[in-house]
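Trainee: One structure coming up, written as structure tokens, with questions to follow.
The values are calculated or read from the model by the stated rules, or taken from the named source; none is laboratory data. These figures come from a predicted structure and were not determined experimentally. Note that we place each Cβ from the backbone using ideal geometry, even for glycine, and neighbour counts take in every protein chain shown. Keep in mind that these areas ignore ligands, DNA and RNA; they rest on the heavy atoms of the full protein, side chains included. Shrake-Rupley method; radii C 1.70, N 1.55, O 1.52, S 1.80 Å.
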Amino acid sequence: MLPLAAALLLSPVSTPVELPSSPAPLHGTLLSPEGQTRAAAIIIPGSGPTDREGNSPQFGIQAATYRLLTEGLAERGVATVRIDKRGLGESAAAGASEADLRFSAYAEDARAWAAETATKTGRPCAWLIGHSEGALVALAAVAAKPDGEGDHKVCGLVLLSGAGRPAGVVLREQLAALPEPLKTEAYAAVEELEAGRTVTNPPASLAALFRPSVQPYLISWLALDPAKLAAAYDGPIFIGQGATDIQVTVADAEALKAAQPRAELVIWDGVNHVLKVAPAERAANVATYMDPALPLAPGVVEAVANFMLK
């Protein structure tokens, strides 16, 4: 058994990192493996107030999915940077006003983080690991090539629990249970936003969803089709999806795979949206979102690491 001092020397090293940005820097945590760094990656968080650990304290979510993933990857020689996205956590000061926010800002940040992570780890490139909405951010990041920059600092994509259909399709599914005429009004608002037009008088009961200040962001988000983006990307793609995910379905993962046959698809039985073992029954499934002590499901870290390292 190793003495305590020796064991500490062998532990992965956690370092705060900062990415220059306007109007303020972006912040994250670099976790470096104890030995040789065999690959590097950044973790792109999901939607809403999801922080670098994979938690949304406002909603009681403390699954710590991203921290657990980075710790597992470090054991396999993969250095990772997990980030607070623009406008959240330590990166709060870098956030634009809601009316000025566009989905492309997250994609630009992902490319910049990939270049920074590659530099800090001494690797030629870094992988983009996108979880939930972060998967769409990763796809958008490699689709845009401003000023000839390209995606030369991106090794490839790891898409975990990501949608495979346009957001408008999913949004309509979520609104389908609304009573008439509210459902028709909601669908009409989505159609207008998909066409790139703002909605002047959204239904009062849906004002939170269609408030004027968020509509420009919704327009930029609804314009993206993850399957088309996957089809257009010529780098390596890994698609990982849990079979008991109650937020994104296996059909989404299969849509991404169908669009890009070169991608590697892994379906994890009995695994949910936060990549933990969970039944399909909703209450027990959601309970895992609140338990940071619950490990990631067996096979998740291994599959991701093996893909990046092979």
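Trainee: I need the per residue convex hull volume for region 204-310, using only the alpha carbons, in cubic angstrom as a whole number.
Mentor: Taking only Cα atoms, region 204-310 has a hull volume of 153 Å³ per residue.
Trainee: For region 42-143, report the convex hull volume of the alpha-carbon atoms normalised per residue, in Å³, without decimals.
Mentor: Values: hull volume 9.9 nm³, N = 102.
Spread over its residues, the Cα hull of region 42-143 gives 97 Å³ apiece.
Trainee: Shifting gears a bit: Along the charge dipole of region 63-205, pointing to its positive end and built from +1/-1 on Cβ of Lys, Arg, Asp and Glu, which listed residue (179, 201, 158) has its Cα farthest out?
Mentor: After comparing all options, I get 158.
Trainee: Ok, one more. How large is the accessible surface of residue 104 in square angstrom, using a 1.4 angstrom probe and rounding to the nearest 10?
Mentor: 60 Å²
Trainee: Under a point-charge model restricted to the Cβ atoms of Lys and Arg (+1) and Asp and Glu (-1), what is the dipole moment magnitude of region 181-244 relative to its Cα centre, in debye to the nearest 20?
Mentor: Working: 4 positive and 6 negative charges, 32 e Å.
Charge dipole, region 181-244, about its Cα centre: 160 debye, nearest 20.
Trainee: Now, a different point. Using a 1.4 Å probe, what is the accessible area per residue for region 31-122, in Å²?
Mentor: Ligands and nucleic acids excluded, the result is 37 Å² per residue.
Trainee: Determine, for each peptide in 66-72, 193-199, the mean count of other beta carbons within 10 angstrom over its residues, then list the peptides with the highest first.
Mentor: Order by mean packing, descending: 66-72, 193-199.
Trainee: Can you order the peptides 263-274, 283-294 by their average number of other Cβ atoms within 10 Å per residue, highest first?
Mentor: Ranking the peptides 263-274, 283-294 by packing returns 263-274, 283-294.
Trainee: To continue, here is another question. Remind me, what semi-axes does region 127-253 give for its equivalent ellipsoid, largest first in whole Å, using sqrt of 5 times each Cα gyration tensor eigenvalue? If you can, show how the numbers build up before the last one.
Mentor: Numbers: eigenvalues 178, 68, 20 Å².
One finds semi-axes of 30, 18, 10 Å for region 127-253.
Trainee: Tally up the carbon and sulfur contribution to the accessible surface of region 153-310 as a whole percent, 1.4 Å probe, everything protein left in place.
Mentor: 61 percent
Trainee: What whole number of Å gives the distance from the Cα centroid of region 276-310 to the Cα centroid of region 166-207?
Mentor: 33 Å
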